[in-house]
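Visitor: Below is one structure. I have some questions about it.
The values are calculated or read from the model by the stated rules, or taken from the named source; none is laboratory data. All values reported here derive from a predicted model rather than from experimental measurement. Neighbour counts run over all protein chains shown; Cβ positions are idealised from the backbone, glycine included. These area figures cover heavy atoms from the full protein model, side chains too; ligands, DNA and RNA do not enter into them. Shrake-Rupley method; radii C 1.70, N 1.55, O 1.52, S 1.80 Å.
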Amino acid sequence: MATKHDYSKDDIRRIVKEEDVKFLRLMFTDVLGTLKNVEVPISQLDDLLNDKIMFDGSSIEGFVRIEESDMYLHPDLSTWMIFPWSSERGKIARVICEVYKTDGTPFEGDPRNNLIRVLKDMKDAGFTSFNIGPEPEFFLFKMDEDGKPTVKLNDEGSYFDMAPLDLGGNCRREIVLTLEEMGFDVEAAHHEVAPGQHEFKLVVKTIARKYGLYATFMPKPLSGINGSGMHLNMSLFDDSGDVFYDENGDLKLSETAYHFLGGLIKHAKSYTAICNPLVNSYKRLVPGYEAPVYVAWSGSNRSPLIRVPNARGQATRLELRSADASANPYLAIASVLEAGLDGLKNGIVPPKSVDRNIYRMDAQERKENEIVNLPDDLLDALEELSADETMKHALGSKIFNSYLAAKHLEYDAYRAQVSDWERNQYMEKY
């Protein structure tokens, strides 16, 4: 997570002069989580600081119709950052923005504004902050002579392998150093189980290209090996600290933690459509590749959907293991937070923990342990999402409807395609 600073407008003006910043990238996301940016010369700095930068919202997925297209970008100055890589045109700074309408009110279709609204729900419930730590994973592939990504892995390393097998080591080290220079806390960088897979998108892709590699956060780019997930570690705080911790509680978890967990379990099948938003996401969520398939939780094993890591005290947290990095982070965080808050509001008690390998259970054993499956594909997940009023509140009606419409179109386009697997399986046989 990046360190935030309380910059004033004068601070920004001073930094721009001292660092000779020439261009500004004003960043926001569309409904699907695609990063958008409006790049302006530094001469527009005062307009930016006074919330006067406009853009055409009708060109952004899930925003507005052309007849209501004018929108404003309001910068969050705490997100100000100068990119550490150089540019021939001069230094470039970025700032993350919220989208506002011409009447001066926050645009309800902006995912960042939506998360701000859900965080207000959290504060109204008596909490001060929601700590969330993502673990985004990705693959590094070689590129061809035209600079296009191939499906050839950069190496054949496995978990914690060292050189010479781990040929992506130099690339990975520079990614870590660049992230730390930008204010991110990076705990560790190593091979994941699948060859070429490592545990942030712009930095990762930029540095990878410098090494002639292509980084992808696609959940399942290759068959037969583990895909890429983005585990979400989460905890709630109030003025006293981490409210998930209770020295005297079962597993040293508080009643608050259990009710939050109960909400995560209850709404798991519906927020899967948000945390796993691609057709390809469901190729990862299959048995045999360490990704969760079943809705269950445990304090001791890694096969369920939600795990309780061993750390306690102010590091007590819940880990959701299903999400992947193709998700819109604003919507993913809003959905799991609202699910947990629903658990608190309604005192939802989670089912008993499952402390054995679920993959080795048969259907009857899973039924006896109240274990249900995650959705099999994007269509199943969208059907679960569309029926969940808590998730509708988590996204707000505008984003909820835009998201469902866009994802149904995506699934319909996928369903109309014929794959190589189908041709290989059926063409000669039938």
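Visitor: Restricting the search to the stretch 1-24, which residues are open to solvent by less than 60 Å² (accessible area, probe 1.4 Å) and assigned to a strand (DSSP E or B)?
Guide: Selection gives Ala2, Val21, Phe23, Leu24.
Visitor: For the list (1) open to solvent by 10 Å² or more (accessible area, probe 1.4 Å); (2) under 21 Å from Val354 (Cα atoms); (3) outside any loop (DSSP other than H, G, I, E, B), I need the number of the one condition that Ser300 fails.
Guide: (3)
Visitor: Name the single residue that is farthest from Ala406 (Cα to Cα) among those in the stretch 341-361 being open to solvent by 40 Å² or more (accessible area, probe 1.4 Å) and not in a loop (DSSP other than H, G, I, E, B). Break it down stepwise before answering.
Guide: Step one: filter the stretch 341-361 for residues open to solvent by 40 Å² or more (accessible area, probe 1.4 Å), giving 344-346, 349, 352, 355-357, 359-360.
Next cut, not in a loop (DSSP other than H, G, I, E, B) only: 344-345, 359-360.
Values: Leu344: 31, Lys345: 31, Tyr359: 33, Arg360: 37 Å.
For the stretch 341-361, the residue satisfying everything is Arg360.
Visitor: Looking only at residues in the stretch 362-381 that are part of a loop (DSSP other than H, G, I, E, B) and either more than 18 Å from Gly299 (Cα to Cα) or open to solvent by 50 Å² or more (accessible area, probe 1.4 Å) (or both), which one is modelled with the lowest pLDDT? Step through it out loud before you land on a result.
Guide: Within the stretch 362-381, the subset part of a loop (DSSP other than H, G, I, E, B) is 362, 369-371, 374-377.
Filter once more, so that each one left must be either more than 18 Å from Gly299 (Cα to Cα) or open to solvent by 50 Å² or more (accessible area, probe 1.4 Å) (or both): 362, 370, 374-377.
On the way: Asp362: 85, Glu370: 82, Leu374: 95, Pro375: 96, Asp376: 94, Asp377: 95.
Filtering the stretch 362-381 for residues that are part of a loop (DSSP other than H, G, I, E, B) and either more than 18 Å from Gly299 (Cα to Cα) or open to solvent by 50 Å² or more (accessible area, probe 1.4 Å) (or both), the one modelled with the lowest pLDDT comes out as Glu370.
Visitor: Within the bounds of the stretch 210-229, is there any residue that is on the phi > 0 side of the Ramachandran plot and outside any helix (DSSP H, G or I)? If you could, list the steps in order and put the result at the bottom.
Guide: Looking only at the stretch 210-229, we keep the residues that are on the phi > 0 side of the Ramachandran plot, and these are 212, 224.
Keeping just the survivors that are outside any helix (DSSP H, G or I) gives 212, 224.
Scanning the stretch 210-229 turns up at least one residue that is on the phi > 0 side of the Ramachandran plot and outside any helix (DSSP H, G or I).
Visitor: Suppose we filter the stretch 260-297 for residues that are in a helix (DSSP H, G or I) and either surrounded by fewer than 17 Cβ atoms within 10 Å (Cβ to Cβ) or among the polar types (S, T, N, Q) (or both); how many remain?
Guide: Filtering the stretch 260-297 for residues in a helix (DSSP H, G or I) gives 260-266, 268-275, 281-284.
Adding the requirement that they be either surrounded by fewer than 17 Cβ atoms within 10 Å (Cβ to Cβ) or among the polar types (S, T, N, Q) (or both) leaves 270, 272, 281.
Counting residues in the stretch 260-297 that are in a helix (DSSP H, G or I) and either surrounded by fewer than 17 Cβ atoms within 10 Å (Cβ to Cβ) or among the polar types (S, T, N, Q) (or both) gives 3.
Visitor: Out of Glu338, Glu384, report the one residue that is open to solvent by 30 Å² or more (accessible area, probe 1.4 Å) and touching a helix residue (DSSP H, G or I) at 6+ places or on another chain (Cβ under 6 Å). Before you say what the answer is, go through the steps one by one.
Guide: Working: Glu338 fails: open to solvent by 30 Å² or more (accessible area, probe 1.4 Å).
Exactly one of Glu338, Glu384 is open to solvent by 30 Å² or more (accessible area, probe 1.4 Å) and touching a helix residue (DSSP H, G or I) at 6+ places or on another chain (Cβ under 6 Å), namely Glu384.
Visitor: Taking into account only those residues within the stretch 113-138 that are among the acidic types (Asp, Glu) and within 13 Å of the chain's Cα centre (by Cα), which is least open to solvent (accessible area, probe 1.4 Å)? Lay out the reasoning, then the answer.
Guide: Quick first cut of the stretch 113-138, residues among the acidic types (Asp, Glu) only: 121, 124, 135, 137.
So of that shortlist, the ones also within 13 Å of the chain's Cα centre (by Cα) come out as 135, 137.
Details: Glu135: 49, Glu137: 15 Å².
Step by step, filter the stretch 113-138, then rank; the result is Glu137.
Visitor: Let me ask something else. Filter the stretch 232-257 down to the residues that are polar (S, T, N, Q) and assigned to a helix (DSSP H, G or I) and list them by number.
Guide: First, the residues of the stretch 232-257 that are polar (S, T, N, Q): 233, 235, 240, 248, 254, 256.
Result: Thr256, single match.
Visitor: Is it the case that Ser402 is open to solvent by less than 50 Å² (accessible area, probe 1.4 Å), part of a helix (DSSP H, G or I) and either more than 26 Å from Gly126 (Cβ to Cβ) or among the acidic types (Asp, Glu) (or both)? Before the answer, list the steps.
Guide: Working: open to solvent by less than 50 Å² (accessible area, probe 1.4 Å): yes; part of a helix (DSSP H, G or I): yes; either more than 26 Å from Gly126 (Cβ to Cβ) or among the acidic types (Asp, Glu) (or both): yes.
Spelling it out, Ser402 is indeed open to solvent by less than 50 Å² (accessible area, probe 1.4 Å), part of a helix (DSSP H, G or I) and either more than 26 Å from Gly126 (Cβ to Cβ) or among the acidic types (Asp, Glu) (or both).
Visitor: Pick from the stretch 233-248 the residues that are touching a helix residue (DSSP H, G or I) at 6+ places or on another chain (Cβ under 7 Å) and surrounded by fewer than 24 Cβ atoms within 10 Å (Cβ to Cβ): which of them is farthest from Lys120 (Cα to Cα)?
Guide: Per the stated criteria, the residue is Asp246.
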